[in-house]
1. Scan the range 10-47 for residues that are surrounded by fewer than 15 Cβ atoms within 10 Å (Cβ to Cβ), modelled with pLDDT of 80 or more and under 33 Å from the mean Cα position of the chain (by Cα) and report the count.
2. Answer with yes or no whether MET71 is touching a Pro at 6+ places or on another chain (Cβ under 8 Å), open to solvent by less than 70 Å² (accessible area, probe 1.4 Å) and touching a residue at least 12 places away in the same chain (Cβ under 8 Å).
3. Any idea which of MET58, MET79 is modelled with pLDDT of 75 or more, within 30 Å of THR136 (Cα to Cα), in contact with a Ser or Thr (Cβ under 9 Å, 6 or more places away or on another chain) and not in a loop (DSSP other than H, G, I, E, B)?
4. Could you give me the residue pairs with C-beta distances under 8 Å whose first residue belongs to the range 325-340 and is farther than 14 Å from PHE363 by Cβ, whose second residue is small (Gly, Ala, Ser) and outside any loop (DSSP other than H, G, I, E, B) wherever it lies, and which are 6+ apart or on separate chains?
5. Report whether or not PHE47 is closer than 24 Å to ASN295 by Cα and either in contact (Cβ under 8 Å) with a residue 40 or more places away in the chain or part of a helix (DSSP H, G or I) (or both).
6. When you go through (1) crowded, with 22+ Cβ neighbours inside 10 Å; (2) under 22 Å from MET246 (Cα atoms) one by one for ALA119, which number turns out not to apply?
7. For the range 378-429, give me each residue that is outside any helix (DSSP H, G or I), within 22 Å of TRP358 (Cβ to Cβ) and open to solvent by 80 Å² or more (accessible area, probe 1.4 Å).
8. Out of the range 215-232, which residues are open to solvent by 20 Å² or more (accessible area, probe 1.4 Å) and of a type outside the set (Gly, Ala, Ser)?
Amino acid sequence: MLVGSIMVMILTGIPLAFVTGLIAILFTVAWFGPMGVPLVSSRIYSFVNEYVLVAIPMFVLMASLLDRSGMARDLYDAMRIVAGRLRGGVAIQTLVAAVFLAAISGIIGGEIVLLGLIALPQMLRLGYNRALAIGTVCAGGSLGTMIPPSIVLIVYGLTSGVSIGDLFLATVIPGLMLASFYILYIYVRCTISPEMAPPMSAEEQDIPTSEKIAKLKGVVLPFGVAVLVLGSIYGGIASVTEAASMGVMGVFLSAAIRREVTWALIRDSLKQTLETCGMIIWIGVGAAALVGVYNLMGGNRFIEGAILASDASPAVIVLIMMGLLLLLGLFMDWIGIALLTMPIFVPIIIKLGMDPVWFGILFAMNMQVSYLSPPFGPAAFYLKSVAPKDMSLAEIFRALLPFIAIQIVALTIVFMVPDVALWLPNWLD
């Protein structure tokens, strides 16, 4: 009844945060009476009192400052020096830039909009195949779910009690592997069908040395911020929350050095941060209340007992979980999925003797697929907001199909070979 009520109310168009909160209160009163309401409020308090939550507004603010300054644009321009002469070089350059942007910000929507404004027009101007250009921008921009510091992994770590530092280490190889698969696909496809990616003119390829030096200088500051944030986490110098704060300061000082700090930049960055974090916190409050009531009613013990008592192998159980995540990803935002399902799934994973860090990477990869998948793939809508008017949502979703297939291949590899995710954290331990 509880799950069915959620599905029915979501179809009414009520925001997920209010759906979960309302159902939590109704079921609490119906099951335990009015005296059970304080149990819900205590669950909410424990959620908002989590120290690691502070990392989310810090990383969002860092991404907002980066997007509104010229650093991201300079970073993209500098990639021409790396990939300009390759077959499909502009598309490859876009993906390389997307990896760097993801390593600095970890926010997906901003990356897709930024690449849609910078990279998409350039590829269309050069005569690139429209589907290839669309898929490159959306797939590259969505790498923020995998490349640390990923907000997806921070929320997973928060809800599952798993070390966020270990999650960041575990996602490095799978994230770079997925980006490499994208690049390989583009290179092979453009080599087989050269008309899909006409080369740049000789004038555009022959960048003067002085301009190369100027463009490379533009990479120094954002690269330094990425090293500051990730190096302090991996080196054990700072916690994720402390590193996020250092990242904000690093981006702000970098913008100040470039003389790009204005009141408008600060105001707009803070506004976007408040809007994004407000959404995350409201969904988190509703989900915390709902999961609390579900657990009090014995739902977690029922599901755990039913799964563990079944004859299904652990691998089959994980496959069923991933199938549910992919299904939910077609209709729900990743934040709601994480906060609603991970408190139920992760204890089962631990009871089965499987690594919750590895499962966290599988979850992030599932959410990567959901970002591109119709009918409600957020990446398509982000790109549509800045795409040419003649580019329809149907065209965008069709263009994403090969990249969704690549994501599923990468997800299968990590599922079949857990060491792809676990080798680096185990090695550093």
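The values are calculated or read from the model by the stated rules, or taken from the named source; none is laboratory data. All figures in this text were calculated on a predicted structure; none of them were measured in a lab. No Cβ is skipped: glycine too gets one built from the backbone with ideal geometry, and neighbour counts run over all protein chains shown. Just the protein is used for accessible areas: all its heavy atoms, side chains included, with ligands, DNA and RNA removed. Shrake-Rupley method; radii C 1.70, N 1.55, O 1.52, S 1.80 Å.
1. Residues in the range 10-47 being surrounded by fewer than 15 Cβ atoms within 10 Å (Cβ to Cβ), modelled with pLDDT of 80 or more and under 33 Å from the mean Cα position of the chain (by Cα): 2 in total.
2. Yes: the conditions hold for MET71.
3. So the residue among MET58, MET79 that is modelled with pLDDT of 75 or more, within 30 Å of THR136 (Cα to Cα), in contact with a Ser or Thr (Cβ under 9 Å, 6 or more places away or on another chain) and not in a loop (DSSP other than H, G, I, E, B) is MET58.
4. LEU330/SER370
5. Working: closer than 24 Å to ASN295 by Cα: yes; either in contact (Cβ under 8 Å) with a residue 40 or more places away in the chain or part of a helix (DSSP H, G or I) (or both): yes.
Here the answer is yes, as PHE47 does meet what is asked.
6. Here ALA119 clears every test but (2).
7. ASP429 - this is the single residue of the range 378-429 that is outside any helix (DSSP H, G or I), within 22 Å of TRP358 (Cβ to Cβ) and open to solvent by 80 Å² or more (accessible area, probe 1.4 Å).
8. Answer for the range 215-232, where residues must be open to solvent by 20 Å² or more (accessible area, probe 1.4 Å) and of a type outside the set (Gly, Ala, Ser): LYS215, LEU216, LYS217, VAL219, VAL220, LEU221, PHE223, VAL227, LEU228, LEU230.
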